[in-house]
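*Asks:* To start, I am sharing the structure in question, which I have written as structure tokens.
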Amino acid sequence: MNSTIILKGNILYTPRPSEFVAIQQGYVIAVDGVVVHCGESIPPAYGEHPITDYGDHLIIPGFVDTHAHAPQYCNRGLGMDKELLPWLETYTFPEEAKFSDKEYARLVYGAFVHDLWRNGTTRSILFGTIHKDSTLVLMELLQKAGLSAYVGKVNMDRNSPEFLIEDTHQSLADTKEWLEASAQFGPLVKPIITPRFVPSCTSELMSGLGNLAQAYNVPVQSHLSENHGEIDWVAALLPEAANYTDVYYEHHLMGKVPTVMAHCIHLSDVEMDRMAETQTMVSHCPYSNVNLSSGIAPIRKLFERKIPIGLGSDISGGHIVSMAKVLTEAIGLSKMKWVEVDQMYAPLTLSEAFYMATKGGGKFFGKVGSFEKGCELDALVIDDTTLFDPNERSLEERLERWLYVGDDRHIVERYVAGKVAPEPTN
């Protein structure tokens, strides 16, 4: 029997980056978790179904975080005066080593998953650690919470602390075993192949991971062109490579299966052409790029090249889980890019940033992040009435105000694939 739900309220979504659709007292109808109608009235065929009426609340798509490191959750807000490589050595690697302990992993991942839920992140693309059992714990907790995610067991077999370097063949064997164990979590929680980044992975490991991605038909995530020191390091390690991007391409980690690359701040035009050709998604992580002095990604230029873009919190290079705050930071950072660096490229608009935080990143999951027909129904219900303002505002203005000055306390309900996601308990 089909499951039909009807939500009523003030509906906002972005079918395109340049356009908000705003429907005062509208209806979203989903059958078996998929939107069949969104509009000002209910079609006669659905007239007998009960309505969940949220009154004057806002109803928006759930947020999508396209890049976060779940094991770094306890490090957020630490080492923000360091650049990428010293920060990794001082904070990140020692913390990730603790995830050899499954109970520690359960403790930290439980808090992290709760924070995703609290902030309205209904879908996420996550790094775990090299530890396959702890990565399975993260997947289990996400599934229990009713949240959707791609989760990666990290791979690294060189240029890392001794306690995190894997044997190449064991790394591949563990990854294969983890991929097969991950089948128990579908359809909302799925695996993603995760070489940490080129400096920490040998060519043998990257080739093996590319083969696994194709054999198991799973996507790939990694880091690309985040920091000048990192880029120089890659050039020194692989002088025969045309550029950093092509290292992934030549190892079949880009172009063969869907791929998302975090940061992509310093890409050359040739590299952007490769990203566009392979439709590799960029995860733009504004807080992290500021905190670690990495740079300002040329988002307008990437948009113009038709490269898909989502937004990432990049916990814990970024210090804030809330994608509402990530998207407003993306707007602010684009203004600095425009006024201080290159006035050819206009700053992001609110609709463009909101699109990246919803439908833009949601494309990695399929039809996600919008209320258009055929999309999976991920939704947040926002009660913004406690944000004092005696003036009458449009729906777009109310949404903008909440994004900038509201917080998770105003989110009164969360839906993932058409089902309410209740508060997680460990």
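*Asks:* Could you work out what % of the accessible surface of the stretch 63-365 is carbon and sulfur, using a 1.4 angstrom probe and leaving DNA, RNA and ligands out of the count?
*Replies:* 52
*Asks:* Per 10 Å bin from zero, what fraction in whole % of the C-alpha pairs of the stretch 1-142 is there, up to the bin with the longest pair?
*Replies:* Taking every Cα pair in the stretch 1-142, the percentages come to 10, 28, 24, 19, 15, 4, 0.
*Asks:* On to the next question. For the stretch 65-171, what D do you get in µm² per second when you plug the Kirkwood radius from alpha-carbon pairs into Stokes-Einstein at 20 °C and 1.002 mPa s?
*Replies:* 150
*Asks:* Right, here's the next one. Ignoring everything but the protein chains, give the 1.4 Å probe accessible area of residue 179 in square angstrom, nearest 10.
*Replies:* About 10 Å², rounded to the nearest 10.
*Asks:* In debye to the nearest 20, how big a dipole does the chain give about its Cα centre with +1 on each Lys and Arg Cβ and -1 on each Asp and Glu Cβ?
*Replies:* That gives the chain a dipole magnitude of about 640 debye.
*Asks:* Rounded, prolate or oblate: which fits the stretch 63-365, taking a ≥ b ≥ c as square roots of the Cα gyration tensor eigenvalues, rounded meaning a/c under 1.5, else prolate when a/b beats b/c?
*Replies:* On the way: a/c = 1.41, a/b = 1.19, b/c = 1.19.
Rounded.
*Asks:* What does the extension gain come out to for residue 98 and residue 133, with contour length at 0.36 nm per residue minus their alpha carbon separation?
*Replies:* Additional length available on full extension: 11.3 nm.
*Asks:* Once the Cβ-Cβ distance between residue 83 and residue 405 is put in as r, and R0 is 22 Å, what FRET efficiency do you end up with, to the nearest 0.05?
*Replies:* Values: r = 31 Å, r/R0 = 1.42.
Using R0 = 22 Å, I get an efficiency of 0.10.
*Asks:* Grab the DSSP H runs of the chain that are 4 residues or longer, score each as -39,500 (n - 2.57), total them, divide by all residues and round the 222 nm result to the nearest 500 deg cm²/dmol.
*Replies:* Helix-only estimate at 222 nm: -9500 deg cm²/dmol.
*Asks:* In the Gaussian network model of the chain, springs joining C-alpha atoms below 10 Å, which of 91, 355, 287 carries the largest mean-square fluctuation?
*Replies:* Ranking 91, 355, 287 by mean-square fluctuation puts 91 first.
*Asks:* Please report, in whole Å, how far the alpha carbons of the stretch 359-426 spread along each principal axis, starting with the longest.
*Replies:* Cα extents, longest axis first: 40, 32, 17 Å.
*Asks:* Sticking with this structure for a sec: Could you sort 218, 405 by accessible area so the largest value comes first, with the probe set to 1.4 Å?
*Replies:* Final ranking, largest accessible area leading: 405, 218.
*Asks:* Name the residue, out of 334, 322, 207, whose mean-square fluctuation peaks in a Gaussian network model built on the chain with Cα pairs under 10 Å.
*Replies:* 207
*Asks:* Most mobile of 299, 165, 130 per a Gaussian network model of the chain (Cα springs, under 10 Å)?
*Replies:* Maximum fluctuation in the GNM of the chain, among the listed residues, is at 165.
*Asks:* Per residue, how large is the accessible surface of the stretch 63-365? Use a 1.4 angstrom probe and give square angstrom. Intermediate values should be presented prior to the final figure.
*Replies:* Values: 10350 Å² over 303 residues.
Using a 1.4 Å probe on heavy atoms only, each residue of the stretch 63-365 averages 34 Å².
*Asks:* Which pairs in the list 176/419; 82/102; 82/301; 301/359; 301/337 are over 23 Å apart, alpha-carbon to alpha-carbon?
*Replies:* Over 23 Å Cα-Cα: 176/419; 82/102; 82/301.
*Asks:* Taking 8 Å as the Cα distance limit and 6 or more residues as the minimum spacing, I'd like the relative contact order of the stretch 226-318 as a percentage.
*Replies:* Computed value for the stretch 226-318: 28 percent relative contact order.
*Asks:* Residue 19 versus residue 341, label points 7 Å from Cα toward the beta carbon: distance in nm?
*Replies:* Rounded to a tenth, the inter-label distance reads 3.0 nm.
*Asks:* Treat each spin label as a single point 7 Å out from the Cα along the C-beta direction, and report the residue 388 to residue 425 distance in nm.
*Replies:* 3.7
*Asks:* Only bridges with both residues in the chain count here: give the DSSP antiparallel percent, nearest 5.
*Replies:* Counting DSSP beta bridges with both partners in the chain, the antiparallel share is about 45 percent.
*Asks:* How large is the charge dipole for the stretch 1-87, taken about the Cα centre, if only the Cβ atoms of Lys, Arg (+1) and Asp, Glu (-1) carry charge, to the nearest 20 debye? Spell out each step's value before the answer.
*Replies:* On the way: 4 positive and 9 negative charges, 37 e Å.
The calculated dipole for the stretch 1-87 is roughly 180 debye.
The values are calculated or read from the model by the stated rules, or taken from the named source; none is laboratory data. From a predicted model like this one, the values you see are computed outputs, not experimental measurements. Quick reminder, even Gly has a Cβ in these numbers, built from the backbone with ideal geometry, and neighbours come from all protein chains shown. Accessible surface is based on the protein model in full, side chains and every heavy atom, while ligands, DNA and RNA are left aside. Shrake-Rupley method; radii C 1.70, N 1.55, O 1.52, S 1.80 Å.
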